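So the structure is just underneath, and the comments pick up after that.
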Amino acid sequence: MNRPDPHSYFDLSQPRTERVRLRLAVDFKKRELRGDCTLYLDRAGAGQLDLDTKSLVIEGVSVPGIAELPFDLGPEEPILGRRLRIHLPPGAREVTVRYRTTRDSVALQWLAPEQTAGGTEPFLFSQCQSIHARTVAPLQDCPLVRIRYEAELLVPRPLTAVMSAAPGAVEPQGNARLFRFEMPQAIPPYLLALAIGELESRDLSPRARVWAEPSLVEAAAIEFGEVESMIVQAEALFGPYDWDRFDMLVLPPSFPYGGMENPRMTFLTPTLLAGDRSLVDVVIHELAHSWTGNLISNANAEHFWLNEGFTVYGERRIVEATYGREVALQHWALGDIDLDGSITRLGADSPLTRLRQELQNVDPDDAYSTVPYEKGARLLYLLEQEVGRERFDLFIRGYIAKFRFTSITTEEFVSFVEAELPGAGAAIKMEEWLSGVGMPPNRPQFRSARMAEIVARAERCAQGERPSGSDWGGWSRAERSLFLDHLPAELDASALAWLDQGLGLGTTRNYELLVAYLRRALRGEYEPAFPRAREVMSTVGRMKYLRPLYQAAGAHPRTRELAREVFATAAGRYHSLSRRVVEETMAGWVA
Ligand code: BES
Ligand code: ZN
């Protein structure tokens, strides 16, 4: 036995899946996907084939010539799920599993019509990273097993299906339609993705398109209208875009993340639709994953920082190329605030503050934090500083050329740094960055005169000196966020009323600013903000927003009551991941 991933039953000594075919009927009444999954293997292997499954009902297993092959479904392990062991007969190079998903399938969120913008049709979306693809299909659910796939989804009218794949012909079948997909590029299983709803699309460029519910699609097309120039900038940094198309899907608000880099179909929260393109850094981030994360993937969740740290670094480089050095610095500075917040939450000596993690018996969703993102990005920034941008850019190109379409470990990254940039790792104390807890003393500092001024103005609010509406009006989104983050910890009712009315935060469409304001409003028991806080907490599933809002609500009996009421009515509509984060946050409200 030779298992390279603590979160998978995948065994290196067994045949590997090269290609997958999914044929599924989508049943919104039962809330299940039903059909079969065929795995095409890299070799004929007589003997065991161990697959990952979780929350699936396995109905039968077959290989060509044998309609019912015996199989053995192991006991439920809390993180891994159930091992499906198949005994392949000699010569078998493909195996088909008939199965259906269940209501416990974590990757799937089934939405009632009321949870959509249109309000009349249901919606389904998947979120497989890091280890939930096994709740959608029986697979070798390990990123080392890169797969191509084809899929057929039978979907009731009038709904449309999209996947992280190229769409093919759509075939009418009575009251339903059959959507076909073909994914020609090999991906780690966590990038398998599907969404079904009442959807329309708008072309943004010859290779980019946005999908959304009909009432949102125009706004989405305007918000993300600059995507082609972002792709061009990203190509200048990383090299040619290798996935043919960059399409995006705007999901209903319960989507638990800001964005997910599903190849050929990035998933996005509708909270990015601020109306002024001020939150497109999330799109830039997901686009940057097309190279770091999707072309080169982490070998398993212990090396997650390779995905996210590289991508944040790339994101900030694209921001710099697009909006200039000052704006990029401000994004780094906002990242500092998130990073310090995460380290405080986890504890500075927590093993979860390491880049290279040990996740045996740890659920990747519980290990998730800003640390792999921002600490990882800072490690790469230091390397850049050490060798100079020109050499570092060549290094990045070389890294992508060498590892594209593979899934790698931190150790492979380290060897590559040693080979290509000899001495640089030692000079920046790379080993301490990778294995040490908390932040190393040589962490880079991100300062500018402009930011110092904003921070000073925020601090002077303690003396009642407030910026005018026209000052605020002239600030960028990042400057506004910096200002709000540096306001005095305790704000009285008059200061909160000023944020609400004076700066218009009570009604802003910019969720970054709105949530920064609502956190403070809850903490300050500022009643006029309660209805908006309730509304956001009951509809928006993005965990980055729910966690701080519930945490802020924990400060007073009255706001706790508010949060408990919201949770009691909204919990059933939350994504299971969001529900978990909220429950954990409420459990941390120690009186
Ligand atoms: N790949 C992540 C989201 C993710 C990570 C989902 C781990 C499941 C497990 C995505 O690229 C991401 O980082 N999203 C961020 C965007 C932000 C950093 C710009 C988010 O959702 O906030
Ligand atoms: Zn990411």
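The values are calculated or read from the model by the stated rules, or taken from the named source; none is laboratory data. Here the structure is a predicted model, which means the values were calculated and not measured. Ideal geometry is used to build each Cβ from the backbone, glycine not excepted, and the neighbour counts take in all protein chains shown. Remember, those area values only see protein heavy atoms, side chains included, never the ligands or the DNA or RNA. Shrake-Rupley method; radii C 1.70, N 1.55, O 1.52, S 1.80 Å.
Results, tabulated for the structure shown:
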| read-out | value |
| --- | --- |
| Some residue of segment 233-243 being more than 16 Å from T311 (Cβ to Cβ) and open to solvent by 40 Å² or more (accessible area, probe 1.4 Å) | yes |
| Enumeration of residues in segment 395-421 that are open to solvent by less than 20 Å² (accessible area, probe 1.4 Å) and in a helix (DSSP H, G or I) | F395, I396, Y399, I400, F403, T410, F413, F416, V417 |
| Sole exception among (1) in contact (Cβ under 8 Å) with a residue 40 or more places away in the chain; (2) open to solvent by 30 Å² or more (accessible area, probe 1.4 Å) for E32, by number | (2) |
| Filter pass, Y313 being open to solvent by less than 10 Å² (accessible area, probe 1.4 Å) and more than 27 Å from T585 (Cβ to Cβ) | yes |
| Top-ranked residue in segment 156-168 [being part of a strand (DSSP E or B) and buried (at least 24 other Cβ atoms within 10 Å of the Cβ); ranked as farthest from the chain's Cα centre (by Cα)] | A161 |
| Lone unmet requirement of (1) under 30 Å from L499 (Cα atoms); (2) more than 16 Å from ligand 1 (Cβ to nearest atom) for P444 | (1) |
| Of residues in segment 566-575 being without any contact (Cβ under 8 Å) to a residue 24 or more places away in the chain and open to solvent by 40 Å² or more (accessible area, probe 1.4 Å), the one farthest from M260 (Cα to Cα) | A568 |
| Qualifying position, being in contact (Cβ under 8 Å) with a residue 40 or more places away in the chain, outside the structural domain of T409 (by TED's automatic domain parsing), open to solvent by less than 20 Å² (accessible area, probe 1.4 Å) and within 22 Å of S407 (Cα to Cα), among L88, L39 | L39 |
| Condition broken by C128, with the remaining ones in (1) of a type in the set (A, V, I, L, M, F, W, C); (2) open to solvent by 10 Å² or more (accessible area, probe 1.4 Å); (3) part of a loop (DSSP other than H, G, I, E, B) satisfied | (2) |
| Answer from D72, D104, D52 - the residue that is surrounded by fewer than 20 Cβ atoms within 10 Å (Cβ to Cβ) and closer than 30 Å to G197 by Cβ | D104 |
| Residue selected from segment 522-561 under the condition outside any helix (DSSP H, G or I) and either among the polar types (S, T, N, Q) or buried (at least 23 other Cβ atoms within 10 Å of the Cβ) (or both), by the criterion farthest from ligand 2 (Cβ to nearest atom) | Y526 |
| Qualifying positions in segment 361-374 - within 13 Å of ligand 1 (Cβ to nearest atom) and either open to solvent by less than 10 Å² (accessible area, probe 1.4 Å) or not polar (S, T, N, Q) (or both) | D363, P364, D365, D366, A367, Y368, S369, V371, P372, Y373, E374 |
| Filter pass, S578 being surrounded by fewer than 21 Cβ atoms within 10 Å (Cβ to Cβ), in a helix (DSSP H, G or I) and hydroxyl-bearing (S, T, Y) | no |
| Residues of segment 316-332 satisfying the condition of being open to solvent by less than 10 Å² (accessible area, probe 1.4 Å) and small (G, A, S) | A328 |
| Residues that are more than 12 Å from ligand 2 (Cβ to nearest atom) and farther than 26 Å from P441 by Cβ, drawn from segment 298-343 | A299, N300, A301, I318, V319, A321, T322, Y323, G324, E326, V327 |
| Failed criterion for A67 (all others in (1) among the hydrophobic types (A, V, I, L, M, F, W, C); (2) open to solvent by 40 Å² or more (accessible area, probe 1.4 Å); (3) not assigned by TED's automatic domain parsing to the domain that holds Q129 hold) | (3) |
| Options Y149, Y190; residue that is assigned to a strand (DSSP E or B) and within 23 Å of the chain's Cα centre (by Cα) | Y149 |
| Test for L295: is it within 16 Å of ligand 2 (Cβ to nearest atom) and either among the hydrophobic types (A, V, I, L, M, F, W, C) or surrounded by fewer than 21 Cβ atoms within 10 Å (Cβ to Cβ) (or both) | yes |
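Here is a yes/no grid of residues against (1) open to solvent by 10 Å² or more (accessible area, probe 1.4 Å); (2) touching a Phe, Trp or Tyr at 6+ places or on another chain (Cβ under 7 Å):
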| position | (1), (2) |
| --- | --- |
| A489 | yes, no |
| A493 | yes, yes |
| Y511 | yes, yes |
| L514 | no, no |
